[in-house]
Amino acid sequence: MTYDLIVRRARLRDGRLVDIGVTEGRIVAIEAELAGEATETIDAAGRLLSPPLIEPHCHLDAALTEGLAGHNETGTLLEGIQRWAQTKPQLTVEAVKERAKRAIEWYASQGALVIRSHVDVCDPNFVGLRALLEVREEMRHLVDLQLVAFPQEGILSYPRGAELLEEALRMGCDVVGAIPHYETTREMGVESLRIAFELAERYDRPLDAHCDETDDDQSRFVEVMAAETIRRGLQGRVVASHTTAMGSYNNAYAFKLFGWLKRAELNIIANPPDNSILQGRFDTYPKRRGMTRVKELLAFGINVAFGHDSVMDPWYPLGTGNMLHAAWLGLHMAQLSGYDEIPLVWDLITTNAAKALGILDRYGIEIGKPANFVVFDAASDRDALRMLSPALWCVKDGRVVSRATAPRVEVWRGEDFVMIRYERPGEGLLLGG
């Protein structure tokens with residue numbers, strides 16, 4: 001049999017060594033030694049083959065804008081929002097497109113072939129949204145892009161915020177957004193969520209709200225999200241992003257809350273790079289970690305995913321869109337370093353994120369599903385996280401869309417330079433063997 005693509009000697013996450021056959025953009029065979037030929041063949045040589053990494057929370061309209069309106073000198077979330085408000089008048093559709101496309105290429109080249117981006121719709125001209133609607137189509141060959149209509153300056157606290165949010169949905173946004181903790185009062189925050197949920201029902205869209213992104217232990221909008229989700233029967237379709245205040249809740253309240261979050265089947269997305277940088281800024285010592293209760297939520301059976309969030313914007317001046325960086329940092333902050341916990345971290349940027357984005361039905365290494373996968377320069381997910389391994393081949397709909405060469409590192413051993421890999425003796429890849 002002839003295939004369009006065969007990946008030979010690929011290591012799945014469960015340790016199996018398989019060949020994968022691809023025809024017309026779909027996985028059609030997964031076997032130990034696949035008979036047949038292909039138009040294109042990749043020799044994974046025992047390297048990890050994983051479903052694509054997923055970026056479940058970012059802001060492509062703001063990507064690569066750091067410094068355009070000055071730098072965030074205090075490092076706070078509030079100054080980031082102020083700097084962004086000063087940046088928005090400088091934006092043009094073409095400039096946003098150029099930066100967003102560059103960021104998408106960065107993400108994809110490092111294994112992230114699915115992205116959910118929030119886009120600021122507190123703009124009567126919809127500059128960012130018009131740009132990203134075009135980018136979504138123009139970059140479809142590289143990534144699947146979901147757009148969240150995000151009212152950065154509030155639904156009720158920004159003039160005509162609710163109207164602009166609804167118009168963004170009519171223009172083609174995939175997801176309804178909100179930011180209740182940024183509204184002027186608690187009451188306005190609660191009402192803003194009700195507006196967002198009503199729009200989600202009316203337009204049959206999922207909902208993803210920035211929620212309780214603060215160190216304030218009295219910011220408790222996630223309980224409102226859980227209640228509205230249950231009341232409206234939207235279980236599984238709602239995401240609460242950030243929820244950093246949860247790290248400051250008293251334990252009695254937090255564990256009561258977990259029960260409601262689980263009943264609501266609420267998805268939680270933590271964003272380790274931004275959360276660690278922006279939170280705890282008003283603390284002296286001890287400083288809070290600035291991240292939600294990832295480990296405890298997972299133990300309670302609540303779906304959690306990791307996002308990278310910002311890439312060189314007013315909130316976070318660093319980053320290249322590498323989801324392994326976000327996962328590696330999250331592993332440390334959440335103390336998920338146990339032997340059985342480390343592989344769970346990989347889930348947070350793959351299957352858990354796919355569940356949060358509602359794409360599990362078309363995601364994964366299974367016969368019949370779209371041929372979307374990545375070969376990393378590591379023998380396992382554990383090693384890929386440890387070494388922050390590069391993505392050597394990224395395949396989207398059966399086509400190689402990104403490729404890289406494994407780095408070559410040599411050290412002097414007295415008489416000559418010798419190539420090394422960051423593996424213990426006896427744990428190397430097959431590499432032609």
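Please treat every number below as a calculation from the coordinates, not as lab data. Here the structure is a predicted model, which is why all the values come from computation and not from measurement. A quick note on method: Cβ atoms are made from the backbone with ideal geometry, for glycine too, and the neighbour counts reach across all protein chains shown.
Taking K and R as +1 and D and E as -1, what net charge do the other residues with C-beta under 9 Å from the C-beta of Pro370 add up to?
Local charge sum for Pro370: +3.
What ranking, highest mean first, results for peptides 237-243, 46-52, 408-414 when packing means the other Cβ atoms within 10 Å averaged over each residue?
Ranked from most to least packed, the peptides come out as 237-243, 46-52, 408-414.
Between Arg281 and Glu198, what is the label-point separation in nm under the 7 Å Cα-to-beta-carbon projection?
Those two pseudo-labels are separated by 3.3 nm.
Within 13 Å, Cβ to Cβ, of Glu98, how many net charges do the neighbouring residues add up to if Lys/Arg are +1 and Asp/Glu are -1?
That sum, taken over residues with Cβ under 13 Å, equals -1.
With springs connecting C-alpha atoms under 10 Å apart, model the chain as a Gaussian network and identify which of Gly290, Gly67, Gly330 has the largest mean-square fluctuation.
Ranking Gly290, Gly67, Gly330 by mean-square fluctuation puts Gly67 first.
About the Cα centre, and with charges only on the beta carbon of Lys, Arg (+1) and Asp, Glu (-1), how big is the dipole of the chain? Nearest 20 debye, please.
Approximately 560 debye in magnitude.
Of the listed peptides 181-189, 250-258, what is their order by residue-averaged count of other C-beta atoms within 10 Å, with the highest listed first?
Final packing ranking: 181-189, 250-258.
Specify which residue in the list Leu199, Leu257, Pro56 is farthest towards the positive end of the charge dipole of the chain, using unit charges on the beta carbon of Lys, Arg (+1) and Asp, Glu (-1), about the Cα centre.
Leu257
With Cα extents along the principal axes in Å defined as stated, name the option among (1) 66, 47, 44; (2) 66, 49, 35; (3) 66, 51, 39 computed from the structure displayed.
Working out Cα extents along the principal axes in Å from the coordinates points to (1).
Just name one of Gly189, Phe126, Ala10: the one whose Cα is farthest towards the positive end of the charge dipole of the chain (beta-carbon charges, Lys/Arg +1, Asp/Glu -1).
About the Cα centre, the residue reaching furthest to the positive side is Ala10.
Taking K and R as +1 and D and E as -1, what net charge do the other residues with C-beta under 14 Å from the C-beta of Asn322 add up to?
Within the 14 Å Cβ shell, the charges total -4.
What percent antiparallel are the DSSP beta bridges of the chain, to the nearest 5?
Taking every DSSP beta bridge with both residues in the chain, the antiparallel ones total about 45 percent.
Quick check on the exposure proxy: order Leu278, Leu329, Leu17 from fewest to most C-beta atoms within 10 angstrom.
Ranking Leu278, Leu329, Leu17 by Cβ neighbours within 10 Å, fewest first, gives Leu17, Leu329, Leu278.
Hey, rough spin-label estimate for Asp340 and Arg102, points 7 angstrom out along Cα→Cβ, what's it come to in nanometres?
A separation of 4.6 nm, rounded to one decimal place.
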